[in-house]
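Take a look at the structure set out below.
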Amino acid sequence: MTRRFRVILLSIVTAMSVTGCGAAHAVLGIHGQPRANPSSVPLTLDQAKNILTRDFTAAQQGETTAGAAARAALRTAYTGEALRAANARVKLASVQPTGTVSPLLAPQQPRLLAVPRGFGFPRVILAQTVASEGPLPILYLLTSPDAATPYRISASATMLLATSLKPFDPLAKGSQLVIDGEGLVVAPAALLKAYAAGMAFPAKAVTNPPFTADVFSAQVRAKAASVAKGVAAQARFSQVHQVVPGSVYAVRQASGDAIVFGVIERTDSFAVKSGQAVNTAANKEFVLLTGRKRVTKSATITRLEFVVFAVPRSTGQATLVAASDPVVAGSGS
Amino acid sequence: MPAAVRRVLGVVVLVLGGALAIFGAWNAVSLGPSGEARFSVTSKDPGALVVQPDILNSVGVPVRITARRGDGGGVRLVVAPSTDARAILARSAVSTVSGVHFPAGTLDLRASGVGALTGISTADVWRLSAKDAGTAQLVVNQGRGPETAVVTSGDGTALRGVTMTLTWADSAWFFDALAVAVIGSIVAAFALGDLWNTRPQGGSPMHPRPRRGRVTT
């Protein structure tokens, strides 16, 4: 074997050794890891449906049974202000008039409206159910604040008469969470703040409101005026509406508009006039919440106003499409 | 073409053909008719076992993951988008698959982090999930990557001595390897034939070829 031949042979063997792994990779089709698509849906349709089923089943269990297991079930189903409302609903179930109990008491299949898009947090799922005892659908917001925390119902509200929702993007595409109100006629946080201010009693004027007039706020204001008049001889009545921090979520719809969920805490305050004593026995909710049938100094009743707005993309005003205001707390002295 | 150059080329082609034939045959035998490549490892360190997308999503065919505990305890196997899995794993104690050896059929593990893994059972990020006593198994399809697979005990207890097996299977691989072996053999055979036909007719200086004598009468 000549020297030249040995050099050539050695070169070939070396080259084949070096490229051997590459050849194996080629035969097996090995490639680099795929790149993440930042606008993909982070959960499958089956996952989303399973989440809804789990939360709604737990909610039903929590509201129809008692004890530690029921409380745990409520914590599985709800979070934040919705959990506060559910706990109060369970506590007040015996004195609630028919029709105001949770629609979740009747088993039903919730309809998935929107699932999250992208891998950021928080993530939200929107769902809708139709109550078996009434014609009005109920909207649900489920939130997951981080990867380790499951989705739970954080708000729900009954749709108002003659309202509807524009469609969301297809579930396979996901719906974008709107941050800071970009691309909307009004920022969600500013909208909720203005709406809360507009319902105060004694009334405060809101100039150029970013929302249209609606039946819910009209009823709240009318009832506040009625209560104030009714107790005028014994107490001074005032009502404050405060947006609950961190409760506002906006989800983009296919048209570019958005659905905005928010929670407003409403506090009805009664300052009993000197020398007066108010008999509260007729208010069974108040008695259950406070244990008092008579107040001589002051009393408060707290409600949570779960509101849902349809907010246009570029022109016009936001429209209230759903609202519920369950009682959650009370105090008296 | 000069004879010397032709012979050198012949040798080059012979070596290439032979190498192809050996490589193809070796892969065909390793993969078997089902075209199955299987890799296993047993964890020594406590904590979850993790398969990152650089391995889980590195081949365009489904991968079957099997996790087996010798003590028959619970095994939970889950798969999630990598960003979500990373957030949950955080800095807890895990053993990550860091290398795959073919055809040895082994996996390398790299231990990292400290502390227990929390939130894995309550999180909603897992696209696939399987839980059973002793053995759990999942098939991860491609196309939704990058994804990460995590093996835990499923009940919060530390996991140790778990054997994890990753299996990729594609019958086309066997036939590809077989085709490579056949093509290499044919190329090598042609090269060998050419070398044989063009072999030098003269002997070496040390062993001179006997000259044919002329017969005279």
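Any read-out appearing in this document is the output of simple, stated calculations on the displayed coordinates, not a laboratory observation. Quick caveat, the model's predicted, so the values are computed rather than measured. Methodologically, a virtual Cβ is constructed for each residue, glycine included, from the backbone with ideal geometry; neighbour enumeration extends over all protein chains shown.
Which of the pairs A:LYS223/A:LYS273; A:LYS173/B:LYS131; A:LYS91/A:LYS223; A:LYS204/A:LYS293 have their Cα atoms more than 27 Å apart in this structure? Violating the 27 Å Cα-Cα cut-off are A:LYS173/B:LYS131; A:LYS204/A:LYS293. For chain B, the relative contact order is 39 percent, taking Cα pairs closer than 8 Å that sit 6 or more residues apart in sequence and dividing their mean separation by the residue count.
Taking the C-alpha atoms only, the angle from helix B:171-197 to the longest principal axis of chain B is near 20 degrees. Here the residues B:ARG199, B:ARG127, ranked from fewest to most Cβ neighbours within 10 Å of their Cβ, fall in the order B:ARG199, B:ARG127.
Can you give the FRET efficiency for A:LYS229 and B:THR157, using 1/(1 + (r/R0)^6), R0 = 51 Å, r = Cβ-Cβ distance, to the nearest 0.05? Plugging the Cβ-Cβ distance into 1/(1 + (r/R0)^6) gives 0.20. Under 5 Å between amide hydrogens, built in the peptide plane, is the criterion, and for A:ALA318 it picks out A:PHE211, A:THR212 among residues at least 5 positions away or on other chains. Shown is the FRET efficiency for A:VAL215 and A:LYS273, computed with R0 = 35 Å from the Cβ-Cβ distance and rounded to the nearest 0.05: 0.60. Compute the long axis of helix A:45-64 from its Cα atoms, compare it with the longest principal axis of the Cα atoms of chain A, and write down the angle in degrees, 0 to 90, nearest 10. For helix A:45-64, the angle is close to 30 degrees. Given +1 at the Cβ of Lys and Arg, -1 at the Cβ of Asp and Glu and no other charges, the dipole of chain A around its Cα centre is 560 debye to the nearest 20. Pairwise Cα separations in region B:36-169 fall into 5 Å bins from 0 onward with the following percentages, short to long: 2, 11, 23, 26, 23, 11, 3, 0. Backbone geometry of region B:101-117 corresponds, through the Karplus equation with coefficients 6.51, -1.76 and 1.60 at θ = phi - 60°, to 3J(HN,Hα) couplings of 10, 10, x, 4, x, 10, 10, 9, 10, 10, 7, 7, x, 9, x, 6, 8 Hz, x marking Gly and Pro. By the helix-only formula, in which each DSSP H run with n ≥ 4 contributes -39500 (n - 2.57) and the sum is divided by residues, chain A has a 222 nm mean residue ellipticity of -10000 deg cm²/dmol. In the protein assembly as shown, the C-alpha radius of gyration followed by the widest Cα-Cα span (Dmax) gives 36.6, 162 angstrom.
Helix A:215-230 and the longest principal axis of the Cα set of chain A meet at an angle near 30°. A helix-only calculation puts chain B at -10500 deg cm²/dmol for mean residue ellipticity at 222 nm, using -39500 (n - 2.57) for each DSSP H run of at least four residues, averaged over all residues.
Given R₀ = 35 Å, what would the calculated FRET efficiency be for B:GLN142 paired with A:THR57, taking r from the Cβ atoms and rounding to 0.05? So, using R0 = 35 Å, E works out to roughly 0.60.
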